[in-house]
Amino acid sequence: MDFNLTQEQKQFAEAIRRWAEKDYGFEQRKHVIGSSEGISTKAWAELAELGATALPIPEDQGGFNGSAVDMMIVMQELGRALVIEPYFATVLGAEFLKQSKAHFDVLEQVATGEKKIAVALSEKQSRYDLFDIATTASANQDGFVLNGTKTVVLHGAQADMLVVSARSSGNQRDKTGIHLFLVDANSNGVHRTDYRTIDGYRAADIHFDQVQVAPISQLGNENNGWELLDAVSDYGVSLLCSEAIGIMEAINAATLDYLKTRQQFGVPIGKFQVLQHRMAEMFMEMEQARSMATLAAVKVSSGDAEERRRTLSAAKARIGQAARYIGQQAVQLHGGMGVTNELPVAHMFKRLTTIELSFGDTDHHLARFVSQPGFKVSA
């Protein structure tokens, strides 16, 4: 297998990086975080103009039909710049529509940047078990009525459309009876509470009170709801792994620059061998994590669900371990300044921490990895 990037992939990555360096620097990002909207309309339009929003969309809907490897490249660059726009949430929502082969008109609007999507999957009791669903979908003559509450919906208040998981039958933790719906975020009965998360992003708690949705809003059906939810969640894990690599590259570079400039006893602290060893260990952690992120991007589209789950969980666990080590070491090497919002390293560490807690932490994915049927056989 050839792991070298194509010329087109390199050019796309360079375009995103040039844009971020020119128009989405650290000060611009801080301004966006402090704004009432929490996102930048200008930045979103520029991402759409660069083709980032069209990249994962099928060609029939005006996109470039980009693969998970193509998306890996974009997410690394967005991670490197700590871009807090609703890109991850939107492309994850679009993946639900792609895999369910539904709502092609919405995919066309995502490609042009006209529509933003958020995925409302988590509930207060579910933690990382996305099949633990208390939100109900009751069938009636007009379709379904949704009732329940979703929590920590990334960019939920900034989205135009919501992908919502709900249960029509079975017990709360059953993997059967699960439906997925595409819901207009401005529908009657949808109540959104917006707030800022520790990494500068925006999230929302969303309450659904007798929300009527048409039959056409359903993505797939109750017979494949969990399979669709599981597969797209793994796609989200792949995106987060790629973003983490970009952040780790940036935090290592920032730490190395600091070691070269910060002086003690008349010499740069980077001259001290023990700190050189620590930087070398941080670099090795990053390179191991990069390999796993690449493998995750390659295997996330595997037709073998067990292989997909095993690979994605292994990647998320390994990258979570690397992110924790690199983030902690970077903060320590920066000294007291490493925990202040004046330096990018603190923001990078917060985002790495949030990624670790998104779609399953290290412990969750280690447990998922060993629970796969083939684990005991291979062990």
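Here ARG80 meets the list (1) of a type in the set (Lys, Arg); (2) more than 27 Å from SER165 (Cβ to Cβ); (3) without any contact (Cβ under 8 Å) to a residue 60 or more places away in the chain almost entirely, failing just condition (3).
Within region 5-24, residues that are part of a helix (DSSP H, G or I) and open to solvent by 60 Å² or more (accessible area, probe 1.4 Å) sit with their Cβ atoms under 8 Å from residues that are of a type outside the set (Asp, Glu) and modelled with pLDDT of 90 or more, at 6+ positions apart or across chains, in these pairs: ARG17/ARG80; ARG17/ALA81; GLU21/ALA81. Scanning region 261-316 for residues that are in a strand (DSSP E or B) and open to solvent by 60 Å² or more (accessible area, probe 1.4 Å) yields a total of 2. Hey, could you check region 334-375 for residues that are open to solvent by 20 Å² or more (accessible area, probe 1.4 Å) and hydroxyl-bearing (Ser, Thr, Tyr) and say which is nearest to the chain's Cα centre (by Cα)? Within region 334-375, the match that is nearest to the chain's Cα centre (by Cα) is SER358. The condition of being out of contact with any Pro (no Cβ under 7 Å at 6 or more places or on another chain), open to solvent by less than 10 Å² (accessible area, probe 1.4 Å) and over 27 Å from HIS364 (Cα atoms) holds for only one of ALA137, ALA120, that being ALA137.
Of all residues assigned to region 341-362, none qualifies as being touching an Asp or Glu at 6+ places or on another chain (Cβ under 8 Å), assigned to a loop (DSSP other than H, G, I, E, B) and farther than 17 Å from ILE245 by Cα. Against the numbered list (1) over 28 Å from LEU146 (Cβ atoms); (2) touching a residue at least 40 places away in the same chain (Cβ under 8 Å); (3) small (Gly, Ala, Ser); (4) surrounded by fewer than 20 Cβ atoms within 10 Å (Cβ to Cβ), ALA102 comes up short only at (1). Criterion applied to GLN125, GLN109 was being over 20 Å from the mean Cα position of the chain (by Cα) and open to solvent by less than 60 Å² (accessible area, probe 1.4 Å), and the one residue passing it is GLN109.
Determine, yes or no, whether PHE12 is under 21 Å from the mean Cα position of the chain (by Cα) and not basic (Lys, Arg). Yes, satisfied. Residues that are open to solvent by 10 Å² or more (accessible area, probe 1.4 Å) and over 22 Å from GLU77 (Cα atoms) within region 223-254 comprise ASN223, ASN224, TRP226, GLU227, LEU228, ASP230, ALA231, listed in sequence order.
When region 35-82 is filtered for residues that are under 17 Å from ASP23 (Cβ atoms), of a type in the set (Val, Ile, Thr) and either open to solvent by 10 Å² or more (accessible area, probe 1.4 Å) or at pLDDT below 95 (or both), the ones remaining, listed by number, are ILE39, THR41.
The values are calculated or read from the model by the stated rules, or taken from the named source; none is laboratory data. None of these values were measured; they are calculated from a predicted model. Counting neighbours? That spans all protein chains shown, and the Cβs are built from the backbone with ideal geometry, glycine included. With ligands, DNA and RNA removed, areas are computed over all heavy atoms of the protein, side chains included. Shrake-Rupley method; radii C 1.70, N 1.55, O 1.52, S 1.80 Å.
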